[in-house]
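What follows is calculated from the coordinates using simple rules that are stated; it is not laboratory data. These figures come from a predicted structure and were not determined experimentally. Here the Cβ is made from the backbone with ideal geometry for all residues, glycine too, and neighbour counts use every protein chain on show.
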Amino acid sequence: MRERQFVVDELTLKDSWRMFRILAEFVDGFEVLPEVYPAVSIFGSARTKPQSRHYKIAYQIARLLVENGFNVISGGGPGIMEAANKGAAEAGGKSVGLHIHLPSEQEPNPYANIRLEFRYFFIRKVMFIKYAVAYIILPGGFGTMDELFEALTLIQTRRIKPFPVILVDEKFWCGMVEWMRNTLLKIKTISEKDLDIFCIVDTAEEAVDIVKKTVIV
């Protein structure tokens with residue numbers, strides 16, 4: 001019994017110290033990120049190679065955003081995140097990398113000129129949402145889908161002010177959208193207007209034009 005109580009006390013103590021680490025990550029974000037306004041968060045696969053079309057589109061999107069007065073936030077890792085940070089930095093803008101510590105796929109890229117380190121996904125997601133005036137989502141995996149549906153849910157439930165959610169590459173996204181229409185909409189787990197929360201484009205220019213026309217800064 002005494003041994004069990006010791007384990008409980010130790011876990012409670014660890015949780016208490018964890019709260020300080022969580023608070024510290026929030027404070028770091030709240031102190032640094034207001035200076036990057038207005039910024040657009042760009043997401044996509046960490047596995048995307050520099051020679052790929054999606055990497056080149058992400059790079060061009062980031063360059064165009066900076067040239068039109070916006071800064072760029074990415075996850076700070078390789079792939080699409082690297083392309084976004086590289087495009088923003090080379091265009092002379094603020095290039096933010098919100099780096100998360102993971103066992104694989106998340107080595108920081110060298111192009112973020114503002115970098116924050118995170119241990120907790122949920123804090124990092126708050127920063128992506130809170131300091132973005134738009135989301136641009138390129139093809140990716142589970143992490144990309146997580147960021148996408150987090151934003152859609154918060155906008156749908158009116159927990160945040162609506163902002164543009166732009167999906168890039170219609171061919172990649174069309175299957176998901178058809179499933180939403182043919183399954184979710186059909187059984188009424190979403191409404192028709194929920195499908196208007198996001199839009200789909202195929203080029204960097206289209207994505208940036210939507211941000212320029214929609215976002216007032």
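Secondary-structure-derived ellipticity at 222 nm for the chain, considering helices only, amounts to -15500 deg cm²/dmol, per-run term -39500 (n - 2.57) for DSSP H runs with n ≥ 4. Extension gain for residue 18-residue 115 works out to 32.7 nm (0.36 nm per residue, less the C-alpha to C-alpha distance).
Its residue count N sets the reference 2.2 N^0.38 Å, and the alpha-carbon radius of gyration of the chain equals 1.11 times that reference.
Using the Cβ atoms and a cut-off under 14 Å, what net charge is assigned to the surroundings of residue 160, where Lys and Arg are +1 and Asp and Glu are -1? Taking every Cβ under 14 Å from that of residue 160, the sum is +3.
Candidate cross-link partners of residue 212 among the lysines, defined by an alpha-carbon separation under 22 Å and a same-chain spacing of 8 or more, comprise 56, 86, 94, 130, 161. Between helix 204-214 and the chain there is an angle of about 80 degrees, using the helix long axis and the longest principal axis of the Cα atoms. Over what distance in Å are the Cα centres of the range 87-143 and the range 154-200 separated? Result: 23 Å between the Cα centres.
Add +1 for every Lys or Arg and -1 for every Asp or Glu among the other residues with Cβ under 11 Å from the Cβ of residue 125, and state the total.
After counting each charged neighbour, the total is -1.
Ordering 102, 168, 145 by Cα displacement along the dipole of the chain toward the positive end leaves 145 in first place; charges were set at the Cβ atoms of Lys, Arg (+1) and Asp, Glu (-1).
Build a GNM of the chain with springs between Cα atoms under 10 Å apart, and of 43, 26, 128 the one that fluctuates most is 26.
The packing ranking of peptides 143-149, 179-185, highest mean first, is 143-149, 179-185, where packing means the average number of other beta carbon atoms within 10 angstrom of each residue. In this structure the amide hydrogen of residue 115, modeled in the peptide plane, comes within under 5 Å of the amide hydrogens of 97, none closer than 5 places in sequence on its chain. Between 0 and 90 degrees, rounded to the nearest ten: what's the tilt of helix 80-90 against the longest Cα principal axis of the chain? Roughly 70 degrees, rounded to the nearest 10. Converting phi to 3J(HN,Hα) with the Karplus coefficients 6.51, -1.76 and 1.60 and the offset θ = phi - 60°, the range 169-178 yields 4, 4, 4, 5, 8, 4, x, 5, 5, 5 Hz in sequence order, with x at every glycine or proline. The angle separating the long axis of helix 2-32 from the principal Cα axis of greatest extent in the chain is about 40 degrees. If you plug the beta carbon distance of residue 52 and residue 159 into 1/(1 + (r/R0)^6) with R0 = 35 Å, you get a FRET efficiency near 0.55.
Tally Lys and Arg at +1 and Asp and Glu at -1 over the other residues with C-beta under 14 Å from the C-beta of residue 174: what net charge comes out?
Cβ neighbours under 14 Å give a net charge of -2.
Computed as a quarter of the hull surface, the mean projected area of the alpha carbon convex hull for the range 15-92 stands at 5.9 nm².
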